[in-house]
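Take a look at the structure below.
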């Protein structure tokens, strides 16, 4: 019950922030239903007044019908528009919050956790319920208040009619089982539903488009998506069939009770034990009993689904808060490095797995140095970068920044001191200026600084080829210019060079689409530029699978078997004649052949 109240409070607070006037208007909607239900009293008064020539009852009946029913009708008519407008505003508010909560999580480990993905998928599937939450709650309040009004009218018509209420009690128990069946079905359907959606997106994904067509994968993807969708629907349909069966039995029982009640009242009128006005009231109220008694029970199911969805949002809020607390540190990031960064027996494996990606890594990265990281695919090169960027925390061991545990440094402050370019770079479809300028938001609109970053990245040619220069909108879906992969990559490199005062810069295979000589020339330039930052101890990390590009680095780290295989200068490692020398010689001979 406490969890339900917290969920209701969350929904009401969001509605209030979205639009106070609409929230109050929707909250007043049940008044219209109440006024409409009272029409039975006015009809009874009008009937009795007409037969008995009682002008007072006639006036009461006419006034009640015209005023009460008219106002109730107007409220019901207007409320649909109010609910629609409030729903749109709440949907937007929740979409923004969900996106923010997912985007501001400090690390990436949540993407590796199946339980997080399952709950997030359920939240996405039912997100529309959050937008309609106030409508659902208003309908629930409307149903309950209407039920109470009908209860009072039943007493006024004939106390024995209260026996109809007893017929609703099984529905309360049934509704609880219905919620459990539906909740279990939703959880069972989450994974296959996510799978089906993923497979469908591959059909129109641009990056996958060529391979889908070259390998003729369309039919295979369609078959797999159909199978996943069938698995998604199976538990949901099974639950709905069970719900339909018990609902049929419940409604049949209620109809039998209503027929008996109306028949009893008509027998009373025929035998002179009730007035025609009372008969009108009974007939009117009896028409409302089924919806008034069963509607609140049915609404409970909708409210239950809405509250479960709200509870998932609360879970996401709590999860985000717990992750933020885990990543929070009390110390600011250093503006400059004096000693450097030390890996103290660091080991790492991704959440939910037993496979070590890095094991017992111990080394020192001196301040003001350029480090090249090489190794075969899966050796842990990118994972090393992710640990330094605090996308993940070490499973065991520590990373020390000038002797301070990185886990104790405020993550936002640390990220402000980083810059990076990745092989899997983001294609930010803004104007060209903002696509590059996003690397330093404080200088987003500084065209001169953006041009300087592109010059340092050797990417000015991309800007000069655009029809409107820096102001060109990028992305075909916005009627903008669609760039080649190489052009997008160059803009990403420019974005990485927007910050001029970082203490650490990562280049994680950001030039994989370039030929070896071009990549070598770029890395030579980056290494030279990195040494311009030695006064603040800036460390530059170059990750590459091409050994010929790393000779400009001060030190080379060779990863193999999840461990540090070799660590030293290029000349030292070549002279040692071990793994690095073998791989370097192998690549050199392949380029000569």
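The values are calculated or read from the model by the stated rules, or taken from the named source; none is laboratory data. Remember, predicted model here, so these are calculated numbers, not experimental data. Here the Cβ positions follow ideal geometry from the backbone for every residue, glycine too, while neighbour counts run over all protein chains shown.
Quick notes on this structure:
- Counting only helices (runs of 4 or more DSSP H) that fall entirely inside the range 160-229 and contain at least 3 residues that are modelled with pLDDT of 85 or more, the qualifying elements are 169-204.
- Any hit, the range 445-452, residues being assigned to a loop (DSSP other than H, G, I, E, B), modelled with pLDDT of 90 or more and surrounded by fewer than 18 Cβ atoms within 10 Å (Cβ to Cβ): yes
- In this structure, residue 335 qualifies as farther than 30 Å from residue 479 by Cα, touching a residue at least 40 places away in the same chain (Cβ under 8 Å) and either assigned by TED's automatic domain parsing to the domain that holds residue 124 or out of contact with any strand residue (DSSP E or B) (no Cβ under 7 Å at 6 or more places or on another chain) (or both).
- Any chance residue 353 is in a helix (DSSP H, G or I), within 26 Å of the chain's Cα centre (by Cα) and either assigned by TED's automatic domain parsing to the domain that holds residue 569 or within 30 Å of residue 468 (Cα to Cα) (or both): no
- Selected residue (only one of 340, 368 is in contact with a helix residue (DSSP H, G or I) (Cβ under 6 Å, 6 or more places away or on another chain), outside the structural domain of residue 102 (by TED's automatic domain parsing) and crowded, with 16+ Cβ neighbours inside 10 Å): 368
- For residue 245: the one exception among (1) more than 26 Å from residue 37 (Cα to Cα); (2) in contact with a helix residue (DSSP H, G or I) (Cβ under 9 Å, 6 or more places away or on another chain): (2)
- The residues of the range 546-569 that are in contact (Cβ under 8 Å) with a residue 40 or more places away in the chain and closer than 17 Å to residue 341 by Cα, listed by number, are 553, 554, 555, 556, 557, 564, 567.
- Filtering the range 181-196 for residues that are surrounded by 13 or more Cβ atoms within 10 Å (Cβ to Cβ) and free of Cβ contacts under 8 Å to residues at least 40 places away in the same chain leaves a non-empty set.
Results for (1) modelled with pLDDT under 80; (2) part of a loop (DSSP other than H, G, I, E, B); (3) buried (at least 18 other Cβ atoms within 10 Å of the Cβ), shown as yes or no for each residue.
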{"position": "253", "(1), (2), (3)": "yes, no, no"}
{"position": "257", "(1), (2), (3)": "yes, no, yes"}
{"position": "261", "(1), (2), (3)": "yes, no, yes"}
{"position": "266", "(1), (2), (3)": "yes, no, no"}
{"position": "280", "(1), (2), (3)": "yes, no, yes"}
{"position": "288", "(1), (2), (3)": "yes, no, yes"}
{"position": "317", "(1), (2), (3)": "no, no, no"}
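- The set of residues from the range 377-401 being part of a loop (DSSP other than H, G, I, E, B), out of contact with any strand residue (DSSP E or B) (no Cβ under 7 Å at 6 or more places or on another chain) and touching a residue at least 12 places away in the same chain (Cβ under 8 Å) comprises 377, 390, 391, 393.
- Considering the conditions (1) buried (at least 18 other Cβ atoms within 10 Å of the Cβ); (2) assigned to a strand (DSSP E or B), residue 483 is excluded by exactly one of them, (2).
- Some residue of the range 462-473 being surrounded by fewer than 18 Cβ atoms within 10 Å (Cβ to Cβ), closer than 30 Å to residue 558 by Cβ and touching a residue at least 24 places away in the same chain (Cβ under 8 Å): no
- Pick from the range 407-419, criterion surrounded by fewer than 19 Cβ atoms within 10 Å (Cβ to Cβ) and outside any loop (DSSP other than H, G, I, E, B), ranking: modelled with the lowest pLDDT: 412
- Within this structure, residue 527 fails the test of being touching a strand residue (DSSP E or B) at 6+ places or on another chain (Cβ under 7 Å), outside any loop (DSSP other than H, G, I, E, B) and modelled with pLDDT of 80 or more.
- Residues of the range 33-55 that are part of a loop (DSSP other than H, G, I, E, B) and within 52 Å of the chain's Cα centre (by Cα): 38 alone.
- Condition met for residue 26 (more than 22 Å from residue 140 (Cα to Cα) and part of a helix (DSSP H, G or I)): no
- Per-region count, the range 420-443, residues at pLDDT below 90 and crowded, with 22+ Cβ neighbours inside 10 Å: 2
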